[in-house]
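Down below is the structure, laid out as structure tokens.
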Amino acid sequence: AQSVTQLGSHVSVSEGALVLLRCNYSSSVPPYLFWYVQYPNQGLQLLLKYTSAATLVKGINGFEAEFKKSETSFHLTKPSAHMSDAAEYFCAVSGSSNTGKLIFGQGTTLQVKP
Amino acid sequence: SQTIHQWPATLVQPVGSPLSLECTVEGTSNPNLYWYRQAAGRGLQLLFYSVGIGQISSEVPQNLSASRPQDRQFILSSKKLLLSDSGFYLCAWGTGATPTDTQYFGPGTRLTVL
């Protein structure tokens, strides 16, 4: 069985500060990992995904994530937060089947203070 | 390009009433289709997925059902709504070709059951 745990349901940072959103996974097969962002009252949008090609993955809007197998982690970072980054962020894992099913974490709400 | 539509955008229904939410995808053929529910503070829960017409897999036993009458149409239904059915319902599509497949989400339907 696969699962994802996002540590911290709410994270607050000041504008210009480092953003770090934590995600740990559990998987019995090589995992494929995703980060999605959801702005208020909208659907989800893909930020980036790990497909085993490279452990450091760069995404849109200046975000990146590093896959660390030894720590079973896939934390999301951005060097400098912008007010427009305020949103809810979801980490997800998919398995090896061709159904494309994703298992999502509980989400982390990012607040950016001016 | 591909687009995904959901309607209605918002819905307020009394307990015990029926439900029908519709999702359609344009610009692609034979997509995998997914229904998720997002309840307050509970992340995203996969409800149903479909890999083809008439093929529905249920992830969570409940009073909801799904149907796929056409290749790019996915319907979520209920005969009698419960208070616990309130939430934000998201439809998504993907090619399902590989486990690294990106899912693309619709704008969602906000359902309030009173």
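Selection of the stretch A:82-114 for residues being in a loop (DSSP other than H, G, I, E, B) and either within 14 Å of another protein chain (Cβ to nearest Cβ) or buried (at least 21 other Cβ atoms within 10 Å of the Cβ) (or both) yields A:Gly95, A:Ser96, A:Ser97, A:Asn98, A:Thr99, A:Gly100, A:Lys101, A:Gly105, A:Gln106, A:Gly107. Residues in the stretch A:41-67 that are farther than 30 Å from B:Trp7 by Cβ, surrounded by 12 or more Cβ atoms within 10 Å (Cβ to Cβ) and more than 14 Å from every other protein chain (Cβ to nearest Cβ): A:Thr55, A:Gly62, A:Phe63, A:Glu64, A:Ala65, A:Glu66. So, in the stretch A:6-40, of the ones that are within 11 Å of chain B (Cβ to nearest Cβ) and among the β-branched types (Val, Ile, Thr), which residue ends up surrounded by the fewest Cβ atoms within 10 Å (Cβ to Cβ)? Here the residue is A:Val29. Residue-level check: of (1) modelled with pLDDT of 95 or more; (2) within 11 Å of chain A (Cβ to nearest Cβ), B:Leu44 misses just (1).
Consider B:Tyr34 carefully, then state whether it is under 26 Å from A:Gln2 (Cβ atoms), touching a residue at least 60 places away in the same chain (Cβ under 8 Å), within 14 Å of another protein chain (Cβ to nearest Cβ) and not in a loop (DSSP other than H, G, I, E, B). Yes: the conditions hold for B:Tyr34.
The values are calculated or read from the model by the stated rules, or taken from the named source; none is laboratory data. In this text the structure is predicted, and so the values were computed from the model without any measurement. Every residue, glycine as well, gets a Cβ built from its backbone with ideal geometry; the counts of neighbours run over all protein chains shown.
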